[in-house]
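To start, the structure itself, in structure tokens.
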Amino acid sequence: LSLSLLPRLYKCPHTIAINHILHFHSPNSCFLMIMSSQAFELMDEANRLSVWNGYRDWRNRPALRGRHGGMSAASFVLAVEVLENLAFLANASNLVLYLSTKMRFSPSGAANAVTAFMGTAFFLALLGGFLADAFFTTFHIYLVSAAIEFLGLMVLTVQAHEHSTEPWSRVLLFVGLYLVALGVGGIKGSLPPHGAEQFDEETPSGRRQRSFFFNYFIFSLSCGALIAVTVVVWLEDNKGWSYGFGVSTAAILISVPVFLAGSRFYRLKVPSGSPITTLFKVLTAAFYTKCKRRRNSSNVVTCHIRNSCDDNETKRNSDGDDGILGSFLGEAVRARESLPGPLYCTEEQVKDVTIVIKILPIFMSTIMLNCCLAQLSTFSVQQASTMNTKLGSFTVPPAALPVFPVVFTMILAPTYNHFLLPLARKATKTETGITHLQRIGTGLVLSIVAMVVAALVETKRKNVFVSCCTSNNSSSYSSSPLPITFLWVAIQYVFLGSADLFTLAGMMEFFFTEAPSTMRSLATSLSWASLAMGYYLSSVIVSAVNFVTGLNQHSPWLLGKNLNQYHLERFYWLMCVLSGINFLHYLFWASRYVYRSNQG
């Protein structure tokens with residue numbers, strides 16, 4: 001009878017209950033002791049098998065297998081991403097027109113303000129990822145960040161309602177924008193890794209589900225973007241900007257209870273301390289050891305001989321391992337006994353830092369693609385605003401142009417998951433089918449094609465403008481729509497949107513799976529940091545192009561009263577050349593990269 005009760009007893013939070021029950025059913029004290037011992041052993045084994053090691057639930061209790069994690073938990077994250085991206089992109093996609101028409105910024109000034117705002121928002125994802133890994137959980141970082149973004153959107157709603165261009169209004173505008181940027185950064189740095197942590201990476205099914213999650217995360221992101229660039233943009237153009245900001249405020253507010261609804265299903269990674277501390281400690285230890293050995297070897301010949309012998313012995317010992325101890329960072333492990341206490345490093349810490357350094361060149365190679373993506377929310381919107389945006393009797397707002405890549409992405413993401421990926425797995429006979437680096441490379445190629453298309457379309461648009469000026473007054477066409485459909489600009493949007501799908505999903509999964517478990521949130525945030533640096537680089541390139549092309553009293557390419565006076569086609573050709581050089585740089589590093597995770 002006592003043994004028959006054990007399957008129910010191991011779940012009992014008070015283990016003393018086992019002794020009470022066994023004592024009640026067994027009058028024999030020896031039998032009591034034997035059965036109590038067996039009961040505790042079986043209970044410990046059952047608990048060990050049912051608990052996720054290193055994970056807790058939202059109430060800080062051990063996370064249990066079968067109860068926490070899985071696709072049911074990740075589905076709440078996907079729903080939240082729809083609302084979060086709706087709140088963010090509803091303003092970002094149309095912000096350049098708001099600044100130029102309502103706040104009276106110049107076209108290039110508005111473009112730089114938008115890229116600075118977008119870049120800051122994505123760059124702050126590193127802060128959110130760092131805090132989630134080091135001190136808090138992704139669960140808590142999301143809730144705090146959502147509150148900050150809500151506050152920023154409230155400020156923007158009040159500012160838009162005032163309809164003022166006074167200096168105080170601009171101050172209020174930028175306070176609201178950068179509160180939103182801080183909140184968005186925390187959400188971007190915590191939400192994707194929070195969803196990815198719900199899957200068991202020790203099993204092939206868990207890894208496949210995690211890959212599905214990253215693809216559907218892009219799908220959810222696109223769903224929010226679709227509502228933002230259609231419904232919300234229409235409200236901003238026809239009802240007023242305060243309505244658009246109000247919808248964004250409501251969306252981020254609704255996302256909080258949706259996120260909390262999944263609390264009982266989440267498993268939360270226990271923070272393991274600052275990964276930045278580990279990074280700097282290993283690097284400092286390696287430099288310290290290297291400098292110390294050189295100084296000792298230059299002073300005493302015998303010391304040099306002894307160090308050479310030690311080095312040869314170390315190399316012989318490291319021939320059988322993965323090469324970490326034979327690298328520069330291996331100095332931190334080889335001489336760890338002689339290091340000061342604060343610089344003591346384990347071999348595992350050195351391996352973790354080596355992995356981070358290996359993925360940095362891949363990260364740097366994706367920045368140029370995101371510099372191209374920055375044109376979607378700046379010059380491309382301004383291009384469309386000079387063209388005929390009518391579809392029959394319906395006028396399409398220029399800021400709604402991203403609907404084309406968004407819809408294409410919503411079609412491509414499920415197609416990739418359920419058709420292309422299974423075919424690739426069968427063809428390559430590997431678990432992933434298409435490796436992460438192959439996906440990123442595909443996105444880089446598509447971005448080059450997009451820049452070629454953008455340059456050709458702008459050339460065509462300028463030719464239409466010139467032909468109109470020969471038969472009409474030039475000043476009238478500086479503000480009137482040109483007789484060319486905006487659908488030409490939509491072509492470059494489709495290519496850039498496809499590039500974003502391949503690259504962003506590939507980057508997030510690559511950084512998450514390759515990074516050490518102690519710094520996965522921070523590593524996943526590199527995907528957003530790449531976007532940030534792309535936006536910053538776009539601003540730098542615009543300023544540099546204007547400076548160089550404006551020398552010797554020439555007219556700068558990207559300066560004038562309106563877009564028709566710009567040489568935007570030359571700028572796009574320059575972006576195409578830079579993207580091609582960047583792709584060669586990417587191939588150099590990607591061809592030499594060795595995966596630490598299961599890629600086949």
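The values are calculated or read from the model by the stated rules, or taken from the named source; none is laboratory data. The model shown is predicted, which means the values in this text are computed figures rather than measured ones. Please note: Cβ atoms are built from the backbone with ideal geometry, for glycine as well, and neighbour counts cover all protein chains shown. These area figures cover heavy atoms from the full protein model, side chains too; ligands, DNA and RNA do not enter into them. Shrake-Rupley method; radii C 1.70, N 1.55, O 1.52, S 1.80 Å.
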Leaving out ligands, DNA and RNA but keeping every protein chain, what accessible area does Met368 have, in Å² rounded to the nearest 10, with a 1.4 Å probe?
20
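Note the full-extension length gain between Ile491 and Leu423 as 0.36 nm times their separation in residues minus their Cα-Cα distance, in nm to one decimal.
Contour length minus Cα-Cα distance gives 21.7 nm.
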Starting from the amide H of Ser272, placed 1.01 Å from N in the peptide plane, find each other amide H under 5 Å away whose residue is 5 or more places distant or on another chain.
none
Considering all projection directions equally, how large on average is the shadow of the alpha-carbon convex hull of region 52-270, in square nanometres?
11.8
Placing one identical point scatterer on every Cα of region 509-600 and ignoring solvent, what is log10 I(q)/I(0) from the Debye formula at q = 0.15, 0.16, 0.20 Å⁻¹?
-0.77, -0.82, -1.04
On the accessible surface of region 52-270, probed at 1.4 Å with all protein chains in place, carbon and sulfur together account for a percent value of 66
HN-Hα J couplings of region 264-269 from phi, Karplus 6.51/-1.76/1.60, θ = phi - 60°, integer Hz, Gly and Pro as x?
6, 9, 6, 10, 10, 5
Accessible-area order for Arg570, Arg264, Arg170, Arg207, largest to smallest, probe 1.4 angstrom, reads Arg264, Arg570, Arg170, Arg207
Cβ under 12 Å from Phe419's Cβ, Phe419 left aside: what net charge do those residues give with Lys, Arg +1 and Asp, Glu -1?
+2
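From largest accessible area down, sort Met364, Met410; use a 1.4 Å probe on the protein chains.
Numbers: Met364 95, Met410 45 Å².
Sorted by accessible area, descending: Met364, Met410.
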Under-5 Å amide H pairs with His567, H placed in peptide plane, nonlocal only
Leu558, Leu559
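Determine the per residue accessible area of region 348-448 with all protein chains present and a 1.4 angstrom probe, expressed in square angstrom. Could the numbers behind the result be given before it?
On the way: 3740 Å² over 101 residues.
Value for region 348-448: 37 Å² per residue.
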Would you kindly compute the Cα radius of gyration of region 127-256 and its largest Cα-Cα separation (Dmax), both in Å?
17.5, 60
Does anything in region 542-575 have its amide N under 18 Å from the 7 Å Cα→Cβ label point of Thr101, and if so which residues?
562-564
Enter the accessible area per residue of region 96-186 (Å², integer; probe 1.4 Å; all protein chains in place).
39
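Could you compute the FRET efficiency for Ala261 and Val175, with r as their C-beta to C-beta distance and R0 at 25 Å, rounded to 0.05? Display every interim value, and only then the final one.
Working: r = 32 Å, r/R0 = 1.27.
Between Ala261 and Val175 the formula returns 0.20.
Compute the relative contact order of region 52-270 as a whole-number percentage, counting only Cα pairs closer than 8 Å that sit 6 or more residues apart in sequence. Could you put the intermediate results ahead of the total?
Values: 335 pairs, mean separation 91.2, N = 219.
Computed over region 52-270, the figure is 42 percent.
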Interchain or sequence-distant (5+) residues whose placed amide H lies within less than 5 Å of the amide H of Ala63 are Trp52, Tyr55, Arg56, Asp57
Across all Cα atoms of region 357-593, Rg and the largest Cα-Cα distance (Dmax), in Å, are 19.9, 67
If R0 is 25 Å, what FRET efficiency do you get for Arg65 and Ser272 from their C-beta distance, rounded to 0.05?
0.75
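Which of the pairs Lys390/Lys561; Lys281/Lys351; Lys281/Lys358 have their Cα atoms more than 23 Å apart in this structure? Show your work: numbers first, answer last.
Numbers: Lys390/Lys561 25 Å; Lys281/Lys351 13 Å; Lys281/Lys358 17 Å.
Where the Cα-Cα span goes over 23 Å, the pairs concerned are Lys390/Lys561.
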Roughly speaking, what is the stretch gain from Ser480 to Glu202, that is 0.36 nm per residue apart minus the C-alpha to C-alpha distance, in nm to one decimal?
94.0 nm
Between region 161-221 and region 55-127, how many Å separate their Cα centres?
3
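Contour minus end-to-end for His585 and Trp168, with contour as 0.36 nm per residue of separation and end-to-end as the Cα-Cα distance? Display every interim value, and only then the final one.
Values: separation 417, 0.36 × 417 = 150.12 nm, distance 4.60 nm.
Going from the current span to full extension adds 145.5 nm.
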Computed accessible area, Phe123, all protein chains, 1.4 angstrom probe, square angstrom
90
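Counting only protein heavy atoms and a 1.4 Å probe, tell me what percentage of region 357-593's accessible area is made up of carbon and sulfur. Mind showing how you got there, number by number?
On the way: 6480 of 9330 Å².
Taking all protein chains in place, region 357-593 shows 69 percent carbon and sulfur surface.
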